[in-house]
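The numbers here are math on the coordinates, done by the rules we state, and not lab data. Here the structure is a predicted model, which means the values were calculated and not measured. In this analysis, Cβ positions are derived from the backbone assuming ideal geometry, glycine residues included, and neighbour counts consider all displayed protein chains.
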Amino acid sequence: MTDVVDSDELLRRIQRARACAAQEERTWRARRDELRRADGDDPGAVRDAEVRGVAYGVVLRVLDEILTPGRHPAQG
């Protein structure tokens, strides 16, 4: 990884990563809801989908903070 990129390219890459994280968060939350509607036959799968949705949500918040500092209130 020796590519040198300018600030505009770096911003574009962060924005693409943010869009990807947002899509993944929606996908995993929808999967979780789908599994719950299926009577929760596999609680491990529901939990896995929940954890993945939360993880992508955290990534999304971090990228949001890089792109728009102060957008979300600080959590302690």
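Helix 7-37 axis versus longest C-alpha principal axis of the chain: approximately 0°, rounded to the nearest ten.
Our note on the geometry: Cα centres of segment 21-58 and segment 1-16, 30 Å apart. For segment 20-67, the relative contact order works out to 49 percent when only alpha carbon pairs closer than 8 Å and six or more residues apart are counted. For D3 and R26, the FRET efficiency from 1/(1 + (r/R0)^6), where r spans their Cβ atoms and R0 equals 35 Å, is about 0.70. Taken about its Cα centre, the chain carries a charge dipole of about 200 debye when Lys and Arg each add +1 at the Cβ and Asp and Glu each add -1 at the Cβ.
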